[in-house]
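First the structure, in the form of C-alpha cells, and then the observations on it.
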Amino acid sequence: MSTLIVQKNLIVDNYHIMCGETGVKVIPMLKGNAYGLGDVEIARALYDAGVKMFSVSRLEEAMRLHEALPDVEILLLTPYSTEKAANIITDIDITAAVGSYDSAVLLNGVAAKKDKKCRVHIAFDTGMGRSGFLPQEVEKAIQAAKYLTNLTVCGCFSHFSNCFGKSKKDVALQLEQFLKCTSALKSAGIDPGMCHIANSNASLLYPETRLNAVRTGSALLGRVGVKTKAPLKRVGALQCEICDTHWLPAGHNIGYGNTMKTKKALKIAVIPTGYADGLYVCKAKDTFRFRDVLRYGFQDFKYLFGSGKMYCKIKGKKARILGRIGFCNVVADISNIDCNAGDIAEFSINPMYVNTNVPRAYV
Ligand SMILES: *Cc1c(COP(=O)(O)O)cnc(C)c1O
C-alpha cells in the first residue's frame, strides 16, 4: 500500500522563506484540501507557527477550517451569491469576497438581520473572467462600500490569469487595472484595506505585485512552476513497499509499449504503485488520443536520450525507474542496491496529484 508522507516542518519552513522573500504578509492558500496535503493538518501546523489568517476557495473548506481553528481569520476568496452561503458566512464570521453589487446587498441584508458586521474583501475581475467587479464597474463597488453598513471592507483583491513566467505584459496589465480600482476607492474616501493580487509565482517573479499581502499556495509545497532563487523545499513523498525483487536476463523487455530492453542482466524491484495513486500522472498520457500518442512518443524519446529518466529512492539510494510507469506497478533497477521485498521505495510527488484514497502520514 502507498502512503503520502507530508513533511509539515518543510511547509512551515517554506512559509518563513516566503515571508522573508516577499517582505509582506503571507496568506496561506489552502484550497483543494491544501493541494492534497490535508487542509486542517496544514492549517494547524502553520497556526502553531503563528499564522492567524488563511484563505480558501470553497465555502465547505472555510467551514471545515473554522471548525478546527475557530479563532483564525478565514478569507473565502470565491464570491458566493446565494442566501444559504451568506447565512453560513455570517454565522461563523468568515471574511467573504464580494464581487457584485447584488451579492453585496444580499450579504449586507443577511448580516443586518443578525445584527452583525461582515468583514469583506472586494474582488475585482481584472482579467480572470470569473467573479468580481469589472474595473469599469468600480463605481458599484464604491457604492456598496459606502452604503451597505453591515459590511466592513477590510481588503481588495484580484487574481492573475497568466502568470507562468512568460507573460510579464499580462501581469503588468492586470496589476495596473487593479491599482486603478483601489485608487478609485481611495479617491471616494474608502479605505481599500489590505490589497493583494499575487499568487506564489507572481510574488516570486514580480516584486511590484506584492502590495500589502500575497496569497501563497504552491510555494508552501515548494513546487512552483517558475525559476526562483528562493530556497523552497519540496513537500510530499509517496512511499510504497516493494512487493518483489528478482533478476531479469539481458535483452528482456520491461513494461508496456516495449520501450525498454535490458542491456545486461538487471535486478529489479516491483513496486505496487503507479498512475492509480497519482504517480507521474502529470506525465501520464492517454494513449487513445492521437496527440497523446505523439506526446508519449516524445516521452519515450526523451527517455532514450536520458533527459526523461525517473528515479525513486530505496535505502537512501537512487534507483532508476525502468520502462513506462504502469497503472498499478512500477519497476526499478536495484542491481546496485541491497534491498528486499518489504523495503520502502520513495517517490517525490506533487501531492496535488495523489489520489484522495491514499492515506496521508504527517511527519
Ligand atoms: C490558487 C490561488 C492562489 C494561490 O496560487 P499559488 O500559485 O498556488 O500560490 C491565490 N489566489 C487565488 C484566488 C487562488 O485561486
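The values are calculated or read from the model by the stated rules, or taken from the named source; none is laboratory data. Given the structure is predicted, the values throughout are model-derived calculations rather than measurements. Please note: Cβ atoms are built from the backbone with ideal geometry, for glycine as well, and neighbour counts cover all protein chains shown.
Quick notes
- Just one of the numbered conditions (1) over 13 Å from the mean Cα position of the chain (by Cα); (2) in contact (Cβ under 8 Å) with a residue 24 or more places away in the chain is not true of I11: (1).
- Residue count, segment 236-258 (criterion: assigned to a loop (DSSP other than H, G, I, E, B) and closer than 30 Å to F164 by Cβ): 1
- In segment 196-210, of all residues being more than 9 Å from the ligand (Cβ to nearest atom) and surrounded by fewer than 22 Cβ atoms within 10 Å (Cβ to Cβ), the one that is farthest from L151 (Cα to Cα) corresponds to L205.
- Counted residues, segment 47-58 - those being out of contact with any His (no Cβ under 8 Å at 6 or more places or on another chain) and more than 14 Å from the ligand (Cβ to nearest atom): 5
- Filter result for I334 (modelled with pLDDT of 95 or more, closer than 18 Å to C243 by Cα and crowded, with 19+ Cβ neighbours inside 10 Å): yes
- Selected residue (criterion: nearest to C118 (Cα to Cα)) from residues of segment 64-79 that are away from the ligand (no atom under 14 Å from the Cβ) and out of contact with any helix residue (DSSP H, G or I) (no Cβ under 6 Å at 6 or more places or on another chain): E73
- Of residues in segment 209-245 being under 18 Å from F54 (Cβ atoms) and among the aliphatic types (A, V, I, L, M), the one farthest from the chain's Cα centre (by Cα): A213
- Residue list for segment 224-233, restricted to those being over 13 Å from D13 (Cα atoms) and more than 9 Å from the ligand (Cβ to nearest atom): V226, K227, T228, K229
- Condition met for K233 (part of a helix (DSSP H, G or I), surrounded by fewer than 21 Cβ atoms within 10 Å (Cβ to Cβ) and modelled with pLDDT of 95 or more): no
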